[in-house]
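The structure appears right after this line, and notes come after that.
The values are calculated or read from the model by the stated rules, or taken from the named source; none is laboratory data. In this text, all values refer to a predicted model and were calculated from it rather than measured experimentally. As a convention, Cβ positions derive from the backbone with ideal geometry for all residues, glycine included, and neighbour counts pool all protein chains shown. Ligands, DNA and RNA are stripped out before the accessible areas are found, and what is left, the full protein with its side chains, is counted by its heavy atoms. Shrake-Rupley method; radii C 1.70, N 1.55, O 1.52, S 1.80 Å.
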Amino acid sequence: MGNFTNTKTVNISHKVILDLSNHLIYMFLFDQIIFGPIHSRRLGLSLGVNLLPIDAKICSFNCIYCECGYNTTMQESPIPTREQVRFTLEAKLKEMVAEGQIPDVITFAGNGEPTLHAEFEGIIDDTIALRDTYYPTAKVSVLSNSTRIHKPNVFRALNKVDNNILKFDSAIDRTMKLMDCPVGKDLNVAWFIEHLKKFEGRLIIQTMFLRGEFKGESFDNTTNEEVTAWLNALSEIKPQQVMIYSLDREAPTKTLQKVSVDELNIIADRARKLEFDVSVAG
Ligand code: SF4
């Protein structure tokens, strides 16, 4: 899942393409399977893993704020195999050992939704084994958009990682659909809550707070109605932690407004009053 970095050192390709309406789209893509290590504002020194192509974003959401840009069919490079991921990750970990670098976390993020990879569970197993060999103190994190948590292999894999970070942007259907633009299936908030509850607290909820306009419709997931519904959903899901943030980098939709850190802190305080462990990324 995109929206992960806060870095100057990671290898990134910037790609500008035209969408179907001939608008320029600026895409921010990770151009390697393994990227970093980088300083993530949320995760510490993080070695990233990208299970998607290096020249296109593929996702089961098409979030209007995605740093990787909108979904595209202009893919030329393949999806990496399980073997390629294991080989490349091990080579990078050996290099880091030689350089005395110690990652806090190995993070699955990258150019789209990592759980779309057909061998996701096996890749998680390989990664945990490599972590145990080279850096037993490092955490394994997955940033996912929650759309595939109903799949038994994805659910099993996410239960194995240290930080199971799952997106939940709004508890109101209209807003979720406007912000996240689910692809294909007609997903709704009730479906997400039902499946997020199945982790029985072994999850971290990640929410993007944002306001703006998209396709002539305005939205704002910081209103009292929105935050109240979101808090009610959190009370059902019972996450071990909540991460909230707003725009960090250029978004493909130009009619969005970043929510200030002060506003994020007000939302966080409401959640803390309900005893949620909340972190704010400014
Ligand atoms: S879930 Fe949204 S933000 Fe993450 S990669 Fe997919 S479209 Fe981008």
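Residues of region 234-277 that are among the β-branched types (Val, Ile, Thr) and under 18 Å from SER144 (Cα atoms): ILE237, VAL242, ILE244.
With respect to the stated conditions, SER141 fails to be without any contact (Cβ under 8 Å) to a residue 60 or more places away in the chain, within 16 Å of the ligand (Cβ to nearest atom), small (Gly, Ala, Ser) and outside any helix (DSSP H, G or I). Looking for something within 18 Å of LYS177 (Cα to Cα) and open to solvent by less than 40 Å² (accessible area, probe 1.4 Å) - is there at least one such residue anywhere in region 238-246? Within region 238-246, one or more residues are within 18 Å of LYS177 (Cα to Cα) and open to solvent by less than 40 Å² (accessible area, probe 1.4 Å). Counting only residues that are within 14 Å of the chain's Cα centre (by Cα), modelled with pLDDT under 85 and of a type outside the set (Lys, Arg), how many does region 30-59 have? Final tally of qualifying residues: 3. Hey, can you tell me all the residues within region 199-235 that are within 16 Å of the ligand (Cβ to nearest atom), closer than 14 Å to MET176 by Cβ and not in a loop (DSSP other than H, G, I, E, B)? Those that are within 16 Å of the ligand (Cβ to nearest atom), closer than 14 Å to MET176 by Cβ and not in a loop (DSSP other than H, G, I, E, B): ILE205, GLN206, THR207, MET208, LEU210, PHE214, PHE219. Out of all the residues in region 256-276, which are surrounded by 13 or more Cβ atoms within 10 Å (Cβ to Cβ) and in a loop (DSSP other than H, G, I, E, B)? Within region 256-276, VAL259, SER260, PHE276 qualify. Residues of region 97-114 that are surrounded by 17 or more Cβ atoms within 10 Å (Cβ to Cβ) and among the hydrophobic types (A, V, I, L, M, F, W, C): VAL105, ILE106, PHE108, ALA109. All conditions but one from (1) touching a residue at least 24 places away in the same chain (Cβ under 8 Å); (2) surrounded by 13 or more Cβ atoms within 10 Å (Cβ to Cβ) apply to THR223; the one that does not is (1).
Screening LEU158 on (1) part of a loop (DSSP other than H, G, I, E, B); (2) away from the ligand (no atom under 14 Å from the Cβ); (3) at pLDDT 95 or above shows it passes everything except condition (1). Would region 173-192 turn up any residue that is within 16 Å of the ligand (Cβ to nearest atom) and at positive phi? Within region 173-192 (the criterion being within 16 Å of the ligand (Cβ to nearest atom) and at positive phi), the answer is yes, since at least one residue qualifies.
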